[in-house]
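Reading through the structure tokens given below for one structure.
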Amino acid sequence: MLEKILFGLLGIGLAYKFKENRDDKARMRIPCSFTKDITKLEFEDAVRKSAIGIKRLKNIEIDGPLVYGTVKSQSGLHLWNFKLDFNDYGIVSGNYWIYSENSDSEIPQILAKRIQDEIYSR
């Protein structure tokens, strides 16, 4: 009985992950354009302003609605990367998705939230 319940829960989890991946791919296929609410230049300024003061953040690159970051590890021995995706089905609305090599770090979330706050304040 317990095996059936666990197997059922595993199936539900896999189905949810499959739907999530499918939705993510569909969202990313929609070309993103900036609007009068936030221009490309304003978005880039918001990203740069938001990155100030994050000490271990070593580099950021902006490619349209995507923000790529490089972070120095706490030990200082290696670097790891993340990507913030602000393409919300074709517009930059403030919603974001995080892809990170280090799921334990809060740095991508902190930067994304700061950028979101900058977008919402405009």
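Being free of Cβ contacts under 8 Å to residues at least 60 places away in the same chain, touching an Asp or Glu at 6+ places or on another chain (Cβ under 9 Å) and of a type in the set (A, V, I, L, M, F, W, C) is true of residue 66.
Among the residues of segment 46-53, is any in a loop (DSSP other than H, G, I, E, B) and not small (Gly, Ala, Ser)? Checked against the condition, which is being in a loop (DSSP other than H, G, I, E, B) and not small (Gly, Ala, Ser), segment 46-53 yields at least one hit. Is at least one residue of segment 95-114 in contact with a strand residue (DSSP E or B) (Cβ under 9 Å, 6 or more places away or on another chain), touching a residue at least 60 places away in the same chain (Cβ under 8 Å) and within 17 Å of residue 24 (Cβ to Cβ)? Within segment 95-114 (the criterion being in contact with a strand residue (DSSP E or B) (Cβ under 9 Å, 6 or more places away or on another chain), touching a residue at least 60 places away in the same chain (Cβ under 8 Å) and within 17 Å of residue 24 (Cβ to Cβ)), the answer is yes, since at least one residue qualifies.
Quick note: the coordinates plus some simple rules give every number you see, no bench work behind them. None of these values were measured; they are calculated from a predicted model. Don't worry about glycine lacking a Cβ; one is built from the backbone with ideal geometry, like all the others, and counts go over all protein chains shown.
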